[in-house]
Every structure is written in structure tokens, then in C-alpha cells.
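The values are calculated or read from the model by the stated rules, or taken from the named source; none is laboratory data. Worth saying up front: this structure is predicted, and the values here are computed from it rather than measured. Cβ atoms come from the backbone with ideal geometry, glycine included; neighbour counts cover every protein chain shown.
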């Protein structure tokens, strides 16, 4: 069994309208699903991705209105690393972000910045050979768009134990001689996690912080992964039906919350690709509460409502 890199990354925002603008207009992602946190239906769960809502470029946010700023610490992911197609794309994003008033750190190999709530991002040139996952955007040519996740950087409270779990249970391959980065690569895609020395200050999970990361598997193999976790006596959630995919959650020894999420059935289970992100979608067990749920949520615009025609 192999995991195909990152399936999705879930973070927290305190301002859904501003978050929507930032990730669709500025970063050029597609709003692929507008739904709610299934464990707390009073708040949004927003999904951003490529044109087809595929795993590998699936950044999601729980909205907790007016949440105080978060702070990454031990047991938390502190930076999301994205792929782009070329050095020219790095130039494009440096200029685009600075034009938006966003502070950018640029060197020969990457572009680093943070969103309006402090969530760290980095862009690097794609050397993976994986299929690029690209969203259409009228201001961003396809050759310059984001290609999907490359990896994440995290702070582990127990690096040795994190390393052991990654290599011995999850089948990760060390990427560096120093043992601070590991790749999980399957037949479809790959992705990595790197560990940095945590700051002395304790972390706070709130706006602008990562809640959890999900590794990419399939329905056919998820049961075997669950058996492997249970045999290793790692506490976990068991399989949870999220309607759009199936999930198993567990916390790795260094504190980062991991999820094993399936490719199936995907966001088109409720409609066509063309309809993605246009309306609030709910799993069947919440549909009877739609009126109550929608009344609690801040109305959000369709970010593509006023678009000119885009490439096919």
C-alpha cells in the first residue's frame, strides 16, 4: 500500500468573505465546494481546488467568525508548499502578490508569503512529474497557475517518533540525509512533509493556522490502513463517512493531526463539474436542516458570477 501524497489541507479562517476573495481572486483557485463543518454545522467549510476538484490541490477552511489570530507551534503545520511550472511563474507570483500589497520573500528557488491571517505559503518550481492540477482564472494564464501541493512544513513535538511513524507505518521515504523530510508517493501522485525546530512559544490553533492534513488513499485500501493503525495501537477515529470522501483521523506522535482521505466518491456526487461551488451543498443527513443551517451562515457570492469567458 502506498499513499499518493497530500489529499487535502484544512485550515481555519475568521472571515469567510475575505478568505473567499483571497483564495479565488488573488491565488486563482476554484471554489469547489461551499458546505459546512459536519461536526459543527453552524460554520462554513469552504473547499478550493482545481477545475475538477481533484485530490492534491484541495485547500479547505473552517470558518469561525471573528476568531483570534492563530500561532503555529509544536504539533502543527506552519507552511503549505505549492508547485508552479517555472521560474517565470515565480516572477509572475512575486509581482502579483506585491501588487496586492502582500509582503513577499523571493530567492532563487521560491516565493514565500502569508495570507491575510498569517497562514504561511511557499511556491517552488514543480519537479515532480505529476499531472498539474490547475484552476481556470481570467487573470492567470494556465502556464503560470498553481499546480497543486508539493508538501508541508511542520513543527513536531517528538521528531524521532514522527520519523518512525512516517517510515515504519506509513511507508514514507526519507528525502534528506539529515532525516528532516519524507515523501509519500503512490501510483498517482506524491507529496512530502518536512520537520522544523518548533518555536519556544506554545502554538494556538485559530485563524490562519492549519487544523489537519489529509493523505491520499482509496476506498479499496483504506480498510487496510485502518488495520495497520489498530495493529500499531494508534488511537484513531475509525472510518467516518464525509459523503464526498471517507476519512480516518489520528494524531501522529509529534502532535500533527493526520487524516487518511479517499479519492471516492468526490464532489460531483451531488452534481456536475460545472455546478461546483455555486450553491451550499449538504450531506444527506443535514439536508432536512437546510433552512436552519443556511440562516446561520454569512451569504457568500459566486466568485465566478461576473467573469468574462475563460479558456475551455
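What about residue 144, is it touching a strand residue (DSSP E or B) at 6+ places or on another chain (Cβ under 9 Å), surrounded by 15 or more Cβ atoms within 10 Å (Cβ to Cβ) and farther than 30 Å from residue 66 by Cα? Answer is yes for this residue.
Count of region 167-180 residues, restricted to those that are buried (at least 18 other Cβ atoms within 10 Å of the Cβ) and in contact with a strand residue (DSSP E or B) (Cβ under 6 Å, 6 or more places away or on another chain), is 1.
For region 80-113, a residue qualifies if it is part of a strand (DSSP E or B), out of contact with any helix residue (DSSP H, G or I) (no Cβ under 9 Å at 6 or more places or on another chain) and surrounded by fewer than 19 Cβ atoms within 10 Å (Cβ to Cβ), and the qualifying residues are 105, 112. Among the numbered conditions (1) in a loop (DSSP other than H, G, I, E, B); (2) without any contact (Cβ under 8 Å) to a residue 60 or more places away in the chain; (3) in contact with a strand residue (DSSP E or B) (Cβ under 6 Å, 6 or more places away or on another chain), the only one that residue 258 does not meet is (1). I'm told residue 117 meets every condition in (1) within 20 Å of the chain's Cα centre (by Cα); (2) under 30 Å from residue 269 (Cα atoms) except one. Can you identify the failing condition by its number? Residue 117 satisfies every listed condition except (2). Restricting attention to region 193-216, does a residue exist that is free of Cβ contacts under 8 Å to residues at least 40 places away in the same chain, out of contact with any strand residue (DSSP E or B) (no Cβ under 7 Å at 6 or more places or on another chain), over 21 Å from residue 38 (Cβ atoms) and assigned to a helix (DSSP H, G or I)? Looking for residues that are free of Cβ contacts under 8 Å to residues at least 40 places away in the same chain, out of contact with any strand residue (DSSP E or B) (no Cβ under 7 Å at 6 or more places or on another chain), over 21 Å from residue 38 (Cβ atoms) and assigned to a helix (DSSP H, G or I), one finds none in region 193-216, hence no.
From the list 269, 239, 273, the lone residue that is modelled with pLDDT under 95 and either in contact with a helix residue (DSSP H, G or I) (Cβ under 9 Å, 6 or more places away or on another chain) or loosely packed, with under 11 Cβ neighbours inside 10 Å (or both) is 273. The set of residues in region 143-177 that are part of a helix (DSSP H, G or I), touching a residue at least 40 places away in the same chain (Cβ under 8 Å) and over 22 Å from residue 57 (Cα atoms) comprises 159, 161, 162, 164, 165, 169. Residue check: residue 221 meets all listed conditions (1) farther than 23 Å from residue 119 by Cβ; (2) out of contact with any helix residue (DSSP H, G or I) (no Cβ under 8 Å at 6 or more places or on another chain); (3) part of a loop (DSSP other than H, G, I, E, B) but one, namely (3).
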